[in-house]
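Below: one structure, written as structure tokens.
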Amino acid sequence: MRKASLVILLALVLGGVPAAALRGGVQAATDESLFREVKLLVFDKSWPAALDKIDELIEKFPSSPLAGQALFYKGECLSGLGGREKEALKAYKSYIRLEDAKPSLVEESEGSIIDLAFDLYEGGNSSALEDIESRLGHANKVVRYYAAYKLSFVSDKKEAAKAAPVLERIVETEKDPELLDRARIALLRVSPERLMSAEQRAPRTGTTARMLRIRIRAAGEREPAFEINIPFALADLALGALDEEDKAALRKKGYDINRILNELSRSKERILRIAGDDGSVIEIWID
Amino acid sequence: MRDAFEKSSAGQAEAEAVERLLGETEAVRSEIRRAAASVDWETLPSVIADRAMAERGGALARSVTPGLRGWPFVFLMKPALAGLAAGLVVGAVAMYLALRGPAVPQNRDDAYYASGDFLDRAELELARRNTLDYLEKSQYVLLDVFESADRGAIVPAALRSERARDLLQKKKYLNAQLGTVRMAKAKALCDQIEMLFLELAQVDEELPAAELAKLRSYVEERQLLLKINLVRKELESGV
């Protein structure tokens with residue numbers, strides 16, 4: 001009973017099926033009912049059952065527009081199942097070639113293709129990377145950005161460096177702080193020097209081009225156990241990402257991230273030194 | 001007299017004591033050691049005495065006020081003090097070298113640098129914050145659907161659809177970090193909400209209030225808003 005009501009709900013509310021189509025003939029009702037079931041099963045992550053319904057839909061109604069739409073959900077099912085990445089990739093690629101493909105689902109498909117290609121590459125299929133690299137020049141910036149971001153994680157640093165031009169562009173032009181921070185970290189990963197030149201070319205504020213440095217030394221050690229030089233724009237994030245033990249030492253001394261940032265920005269002293277009880281020393285300063 | 005300085009075991013012992021004392025100063029320990037090692041403690045007292053004598057000489061002895069006249073002789077008479085003075089000079093230089101700026105590896109001074117581990121932690125921290133933001137915005141979209149069910153459409157369907165698309169885009173970036181154990185609960189919830197937004201993103205037309213009410217009961221049945229609040233609390237506490 002609950003399931004049946006959900007099917008109706010998804011058909012009318014979530015299905016996105018035009019009302020005119022709902023008033024169609026017997027065949028329309030049937031391929032639509034199958035399609036509704038597919039969506040419900042996908043919603044519940046019942047991948048094998050959803051795949052069966054998709055196959056049934058395509059087999060019984062090969063000329064239905066919904067058979068084409070079902071390709072996207074086939075991709076979702078296959079990637080959700082795991083181990084069938086190549087089939088999933090094929091389904092998504094088939095979907096984005098459809099003339100009546102929906103823009104929102106095309107964008108989703110492109111993102112899924114990038115994810116799947118990354119997984120295949122990391123699993124040893126070196127040619128899979130082509131699917132990511134070819135999207136670095138995609139007309140849709142959402143796809144282009146995501147391809148560059150994902151490529152920055154590739155273990156082969158030479159390949160990862162191909163993402164740098166797009167990431168630089170994001171650092172220089174993007175206004176969304178979330179995307180901006182992600183691009184900064186990704187560029188820091190693949191090419192710190194290019195991040196530095198991008199920040200210097202397009203400084204957003206007086207502090208953007210400045211550098212935050214953190215050193216943590218164990219008691220009696222000269223060489224730091226931890227050190228970073230990063231754009232000041234990532235200061236808040238960097239302090240939040242400190243090791244839990246270091247954060248605990250800071251808290252014990254009455255410091256939290258906000259206080260540190262306030263002191264750094266207000267103080268005329270260029271360095272903030274915090275000594276832990278165990279003799280360790282945390283140094284934070286801005287250049 | 002000069003021989004007396006060179007052979008003075010008292011002066012050397014004094015110098016060693018100074019070295020020990022300075023060696024215990026944590027902040028400058030290694031710098032002082034290097035500086036101390038570079039000094040010839042056997043000959044330094046005599047060098048100081050020689051220089052003091054040469055600079056001030058007899059003229060000084062004649063012209064200085066009577067009270068200061070005897071200072072060089074204090075050094076001459078007390079080799080231990082000469083050793084101490086030498087130690088203080090070296091210590092001061094070492095202190096200056098140590099405190100003029102943080103001791104950092106010079107090769108990384110002018111370049112950005114962060115280890116892979118740190119970048120992974122930064123990504124995780126970014127994901128934590130952005131997941132919080134994602135869940136908060138998801139709540140707004142769902143609450144808008146709820147309100148629309150009661151009072152009719154508040155936000156135009158096209159705008160709701162656009163918001164859903166934005167959230168779908170954000171979710172893509174979160175996926176990698178949501179895969180970690182610490183974010184497992186958030187992942188399950190975000191995946192569930194994602195499917196809902198995938199459908200909402202395709203609905204450009206206004207939905208009848210009755211259908212919105214059905215959607216609300218669907219979300220309520222699964223207690224999605226409650227789950228969102230719980231996961232938000234966890235993420236806010238830094239889990």
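The values are calculated or read from the model by the stated rules, or taken from the named source; none is laboratory data. Everything numeric in this text was worked out from a predicted model, so none of it was measured. Don't worry about glycine lacking a Cβ; one is built from the backbone with ideal geometry, like all the others, and counts go over all protein chains shown. The protein model used for the area step is the full one, side chains on, heavy atoms only, and it has no ligands, DNA or RNA in it. Shrake-Rupley method; radii C 1.70, N 1.55, O 1.52, S 1.80 Å.
Checking each residue in segment A:134-169 for being hydroxyl-bearing (Ser, Thr, Tyr) and either open to solvent by less than 10 Å² (accessible area, probe 1.4 Å) or part of a helix (DSSP H, G or I) (or both) picks out A:134, A:145, A:146, A:149, A:152.
Residue selection: residue A:172 satisfies the criterion of being open to solvent by 40 Å² or more (accessible area, probe 1.4 Å) and more than 11 Å from chain B (Cβ to nearest Cβ). Against the conditions (1) more than 26 Å from residue A:103 (Cβ to Cβ); (2) without any contact (Cβ under 8 Å) to a residue 60 or more places away in the chain, residue B:213 satisfies every one except (2). Considering segment B:186-222, and only residues there that are under 46 Å from the mean Cα position of the chain (by Cα) and β-branched (Val, Ile, Thr), the residue that is farthest from residue B:144 (Cα to Cα) turns out to be B:193. Elements of the type helices (runs of 4 or more DSSP H) sitting completely within segment A:1-73 and holding at least 2 residues that are modelled with pLDDT of 55 or more and open to solvent by 40 Å² or more (accessible area, probe 1.4 Å): these cover A:26-43, A:47-60.
Going by what's in this entry, would residue A:185 be described as open to solvent by less than 50 Å² (accessible area, probe 1.4 Å) and under 17 Å from residue A:92 (Cα atoms)? So residue A:185 does not fit the description; no. For residue A:262, the conditions (1) open to solvent by less than 60 Å² (accessible area, probe 1.4 Å); (2) free of Cβ contacts under 8 Å to residues at least 12 places away in the same chain; (3) within 30 Å of residue A:183 (Cβ to Cβ); (4) more than 8 Å from chain B (Cβ to nearest Cβ) are fulfilled apart from (1).
A Cβ distance below 8 Å, combined with a sequence gap of six or more or placement on separate chains, defines the contacts here; from segment A:182-204, residues that are at pLDDT below 85 reach residues that are not in a helix (DSSP H, G or I) in the pairs A:200/A:209; A:203/A:209. The residues in segment A:208-255 that are more than 9 Å from every other protein chain (Cβ to nearest Cβ), among the hydrophobic types (A, V, I, L, M, F, W, C) and assigned to a loop (DSSP other than H, G, I, E, B) can be counted, and the count is 3.
Considering only residues in segment B:160-185 that are farther than 21 Å from residue A:114 by Cβ and more than 14 Å from every other protein chain (Cβ to nearest Cβ), the one that is least open to solvent (accessible area, probe 1.4 Å) turns out to be B:184.
Quick check on residue A:178: is it assigned to a helix (DSSP H, G or I), over 22 Å from residue A:141 (Cβ atoms), at the interface with chain B (Cβ under 7 Å from one of its Cβ atoms) and of a type in the set (D, E, K, R)? No, not satisfied. Suppose the filter is more than 8 Å from chain A (Cβ to nearest Cβ), under 23 Å from residue A:105 (Cβ atoms), acidic (Asp, Glu) and touching a Lys or Arg at 6+ places or on another chain (Cβ under 6 Å); does residue B:194 pass it? Yes, satisfied.
Per-residue answers, yes or no, for (1) more than 28 Å from residue A:77 (Cβ to Cβ); (2) of a type in the set (A, V, I, L, M, F, W, C); (3) at pLDDT 90 or above:
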{"residue": "B:159", "(1), (2), (3)": "yes, yes, no"}
{"residue": "B:171", "(1), (2), (3)": "no, no, yes"}
{"residue": "B:175", "(1), (2), (3)": "no, no, no"}
{"residue": "B:193", "(1), (2), (3)": "no, yes, no"}
{"residue": "B:198", "(1), (2), (3)": "no, yes, no"}
{"residue": "B:226", "(1), (2), (3)": "yes, yes, yes"}
{"residue": "B:229", "(1), (2), (3)": "yes, no, yes"}
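Restricting attention to segment A:256-267, the residues that are of a type in the set (D, E, K, R), at pLDDT 75 or above and assigned to a helix (DSSP H, G or I) add up to 2.
If I filter segment B:218-238 for residues that are within 11 Å of another protein chain (Cβ to nearest Cβ), without any contact (Cβ under 8 Å) to a residue 40 or more places away in the chain and either surrounded by 15 or more Cβ atoms within 10 Å (Cβ to Cβ) or of a type outside the set (Asp, Glu) (or both), do I get at least one hit? Yes, there is a match, as at least one residue in segment B:218-238 is within 11 Å of another protein chain (Cβ to nearest Cβ), without any contact (Cβ under 8 Å) to a residue 40 or more places away in the chain and either surrounded by 15 or more Cβ atoms within 10 Å (Cβ to Cβ) or of a type outside the set (Asp, Glu) (or both).
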